[in-house]
Amino acid sequence: MSNKKEKLFTEFQPQTTQEWLDKIEVDLKGADFQKKLVWRTNEGFNVQPFYRREDVLKLKTPDALPGEFPFVRGNHKNTNVWYIRQEIKADDAKEANTKALDVLNKGIDSLGFHIPGDKVSADFIDTLLDGICCDIVEVNFNTCKRHTLELAEILTAYFEKKGYDKEKIVGSIDFDPLQKMVMYGKETTELLENAPKLVEIFKDYPNFRCITVDTLSLNNAGAYIVQELGYALAWGNEYLSMMTEAGVDADLAAKKIKFNMGISENYFMELAKFRAARMLWAQIVKQYEPKCDCACKMIVNATTSTYNQTVFDSYVNLLRTQTEAMSAALGGIHSMVVVPFDATYETPTDFSERIARNQQLLLKEECHFGEVVDPGAGSYYVEQLTDSLAIEGWKIFLRVEEEGGFLAAIKAGTVQDDINATNNKRHDDAAKRKEFILGTNQFPNFTEVSEGKKGLDKCCHSCDTAAPYKAINSTRLAADFEDLRIHTEGAKTPIAFMLTIGNLAMRQARAQFSCNFLACAGYKVIDNLGFKTVEEGVDAALKAKADIVVLCSSDDEYAEYAIPAFKYLDGRAMFVVAGAPACMEDLKAAGIENFVHVKCNVLETLKEYNKKLGI
């Protein structure tokens with residue numbers, strides 16, 4: 001047996017970029033390369049169909065090392081470990097404590113308590129934290145911003161009473177007055193003076209953070225990835241600037257800021273977002289001349305998005321949150337919350353919370369995502385995305401700084417306008433199926449009914465006329481379709497009958513398209529194998545008590561079938577043609593009004609059909 005070592009693929013000659021492009025041009029058969037293969041992202045840059053080593057050599061990101069400035073490759077040198085966090089509503093201290101102790105035995109090592117402001121007291125905290133080892137488990141707290149200072153003093157007193165080593169207390173208290181301003185238009189600037197006081201209270205707790213940047217709110221309002229990134233930097237810099245101007249040491253101020261960020265469904269882009277965010281935040285903090293580079297680390301708690309979650313076909317939410325959790329884990333976050341799949345329409349059940357926990361445990365314990373430092377490093381695609389997002393995110397940061405900073409931008413309403421414009425565009429794209437929501441506006445479950453389920457979307461507070469600033473509309477992407485479907489369900493469910501005739505391939509394709517189209521509103525759809533004559537098809541539709549008859553055939557055959565079918569139906573049901581044939585104007589002249597095709601606004605078309613059907 002030969003001991004000669006051969007390098008893998010030595011028999012293959014390396015190909016140049018131009019050779020790849022020449023081959024692609026041949027395969028495209030004259031089609032435009034830019035239009036066919038180059039992806040224009042929502043983030044403002046183009047993504048090429050392939051990248052090579054030469055593309056990455058010009059970037060600086062691959063030169064970084066894990067655990068070292070600018071932390072693009074993560075905050076740790078030898079591990080990618082993160083905290084698995086569960087949020088707990090703490091209206092009742094004893095019940096919340098019981099739940100916390102239970103989930104700690106099921107894989108959770110980070111707790112997030114949401115405490116009503118009027119419940120904040122020493123006795124409440126004593127009961128809430130009874131039996132919880134705060135020097136082993138990460139503990140996080142959220143309460144009314146006007147009670148945060150009081151809660152901070154109670155917590156430090158509790159930690160000292162228990163004799164905890166202050167260096168072993170890991171966690172945070174959410175204090176983010178700017179979040180109320182940007183999301184709800186509330187006036188909270190008077191609370192900003194409490195930030196230095198909070199830092200002073202926790203100055204001896206090196207691993208406990210007390211100032212929060214909550215861009216999760218923007219994510220759940222539909223913000224694009226680059227918007228969340230850019231505004232996170234401006235938001236954090238606003239707090240950092242305020243505190244240093246108030247006399248807080250730059251190192252201490254930076255070490256007390258924590259970022260709550262969202263995770264959307266764009267897998268590789270989200271992975272790159274966290275890498276770019278760490279790199280840019282490190283550069284910002286560096287300008288304040290901290291004494292230690294460790295102050296430049298960005299600590300992120302990532303939470304899966306609710307913006308793309310759905311009421312119908314809700315188990316698909318598990319697929320969404322799983323890929324999102326993978327993005328965040330591989331992106332190197334500090335802690336993570338996976339939102340239970342049913343959170344959009346009910347208080348999460350024990351079952352859904354268990355599944356949410358296990359989604360992270362699966363990644364951490366079975367897939368070993370916590371063992372590999374920065375798995376995306378060196379990937380030509382991920383490195384390029386990281387660099388591109390950094391460039392576009394930095395542009396947003398600079399634009400906000402030119403306006404006078406994040407607070408000034410909020411007061412001017414430019415941040416709110418930007419996010420609302422994106423939200424409106426995404427809703428419009430969803431209505432036209434340019435943005436897919438699996439199970440809602442594309443491939444809905446034909447037989448599913450709501451069974452009383454309804455979205456728990458919160459009021460965006462834009463109706464609060466007393467609010468001095470603009471607010472952000474945080475309506476979920478699927479909400480419009482869900483409202484339509486539930487409304488239809490509450491009336492007589494229309495029956496849509498596919499009158500399939502002519503060319504086999506085209507009639508089947510058109511019928512499938514039309515079934516998916518109409519089922520988005522909860523219509524009962526009846527597909528068919530085909531009819532010999534339009535009269536036979538219409539008779540079958542009327543026998544099935546159809547409210548809508550959809551003619552499905554080829555474009556060429558519509559000139560032959562459409563008008564006879566329409567006249568034979570004679571107004572006994574709504575008549576729809578599936579497609580946009582060349583003879584459309586002739587068909588309209590004959591009185592045919594309804595057409596469904598890929599260029600339709602699905603939502604508006606279905607609303608119009610409901611109106612015509614008296615629903």
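The values are calculated or read from the model by the stated rules, or taken from the named source; none is laboratory data. Owing to the predicted nature of the structure, the values given are computational and were not obtained by experimental measurement. Methodologically, a virtual Cβ is constructed for each residue, glycine included, from the backbone with ideal geometry; neighbour enumeration extends over all protein chains shown. SASA here: full protein model, heavy atoms, side chains in, ligands and nucleic acids out. Shrake-Rupley method; radii C 1.70, N 1.55, O 1.52, S 1.80 Å.
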Item checked: Qualifying helices (runs of 4 or more DSSP H) (wholly inside region 503-615; at least 2 residues being within 29 Å of Ile437 (Cβ to Cβ)) -> 504-519, 602-612
Check: Under the condition of being within 19 Å of Asn594 (Cβ to Cβ) and buried (at least 16 other Cβ atoms within 10 Å of the Cβ), which residue from region 529-543 is farthest from the chain's Cα centre (by Cα)?
Finding: Val534
Next item on the list: Give me a count of the residues in region 172-198 that are under 18 Å from Ala295 (Cα atoms) and crowded, with 24+ Cβ neighbours inside 10 Å.
Entry: 2
Notebook entry, point to check: If you check every pair at least six apart or on different chains, which have Cβ atoms under 8 Å apart with a residue in region 84-104 that is free of Cβ contacts under 8 Å to residues at least 12 places away in the same chain first and a residue that is outside any helix (DSSP H, G or I) and open to solvent by less than 40 Å² (accessible area, probe 1.4 Å) second?
Noted result: Lys99/Ile88
Check: Looking only at region 217-255, which residues are crowded, with 24+ Cβ neighbours inside 10 Å, more than 23 Å from Gly404 (Cα to Cα) and in contact with a Cys (Cβ under 9 Å, 6 or more places away or on another chain)?
Finding: Ala221, Lys255
Check: Among the residues of region 472-492, which ones are among the charged types (D, E, K, R), open to solvent by less than 60 Å² (accessible area, probe 1.4 Å) and assigned to a loop (DSSP other than H, G, I, E, B)?
Finding: Arg476
Notebook entry, point to check: Under the condition of being assigned to a helix (DSSP H, G or I) and open to solvent by less than 60 Å² (accessible area, probe 1.4 Å), which residue from region 361-376 is farthest from Val56 (Cα to Cα)?
Noted result: Leu361
Next item on the list: Please find, among Phe259, Phe268, the residue that is surrounded by 24 or more Cβ atoms within 10 Å (Cβ to Cβ) and either out of contact with any Pro (no Cβ under 9 Å at 6 or more places or on another chain) or in a strand (DSSP E or B) (or both).
Entry: Phe259
Next item on the list: Could you grab me the full set of residues in region 301-346 that are β-branched (Val, Ile, Thr), part of a helix (DSSP H, G or I) and buried (at least 24 other Cβ atoms within 10 Å of the Cβ)?
Entry: Thr321
Checklist line | 3 or more residues under 23 Å from Gly262 (Cα atoms) and under 25 Å from the mean Cα position of the chain (by Cα): qualifying helices (runs of 4 or more DSSP H) within region 174-236 | finding: 177-184, 216-219
Check: Can you tell me which residues in region 20-58 are touching a Ser or Thr at 6+ places or on another chain (Cβ under 8 Å) and closer than 18 Å to Met279 by Cβ?
Finding: Glu43, Phe45
Margin query: Need a quick list: helices (runs of 4 or more DSSP H) entirely within region 377-451 having at least 3 residues that are among the charged types (D, E, K, R).
Written below: 380-402, 414-431
Margin query: Cβ-Cβ distance below 8 Å, separation of 6 or more or different chains: which pairs start in region 295-324 with a residue that is at pLDDT 95 or above and end on one that is open to solvent by less than 10 Å² (accessible area, probe 1.4 Å) and among the acidic types (Asp, Glu)?
Written below: Thr304/Glu324; Ser305/Glu324; Thr310/Glu482; Val311/Glu482; Phe312/Glu482; Ser314/Asp342; Asn317/Asp342; Glu324/Glu270
